Amino acid sequence: MRIQSIAALTLATAVFALTNSSAMALDRRVQINNQTSFVIVEFYASNTGTTNWEEDILGSDVLASGSSVVINIDDGSGYCKFDFLAVFDDGDELVLADNNVCELDEFNFTD
């Protein structure tokens, strides 16, 4: 009986570890497509559990009209839902909330 209990506990621990590591290993890379007629000069992605924007992911780069970039939006938090903020060269800002980066392959900014 004791051997069965140890075997069951070992199996349960292994299943939990596999399930937990699978959730943490989700692909959070998203291709951001700028299909607007403006240049994106700043891009931010912050998980929905925070009220602060992280750093500008583009840094000193920009995303020209008609261009794309693949971004790994994994901040180590385990979150899949992120809010996006794009700042355009004309000064306009666009916030798009609640994007599931674990399911998205591409995200389009359009006019």
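The values are calculated or read from the model by the stated rules, or taken from the named source; none is laboratory data. Keep in mind that this is a model prediction, so the values were computed, not measured. When we count neighbours, we look across all protein chains shown, and the Cβ atoms used for this are built from the backbone with ideal geometry, even at glycine. Ligands, DNA and RNA are stripped out before the accessible areas are found, and what is left, the full protein with its side chains, is counted by its heavy atoms. Shrake-Rupley method; radii C 1.70, N 1.55, O 1.52, S 1.80 Å.
Some observations on this one:
- When the solvent-accessible area of the range 18-111 is split by element, carbon and sulfur atoms take up 46 percent of it, the probe being 1.4 Å.
- Inter-label distance, nm, simple model (7 Å from Cα along the C-beta direction), residue 29/residue 41: 3.0
- Size descriptors for the range 38-111: radius of gyration and Dmax over Cα atoms are 11.9, 34 Å.
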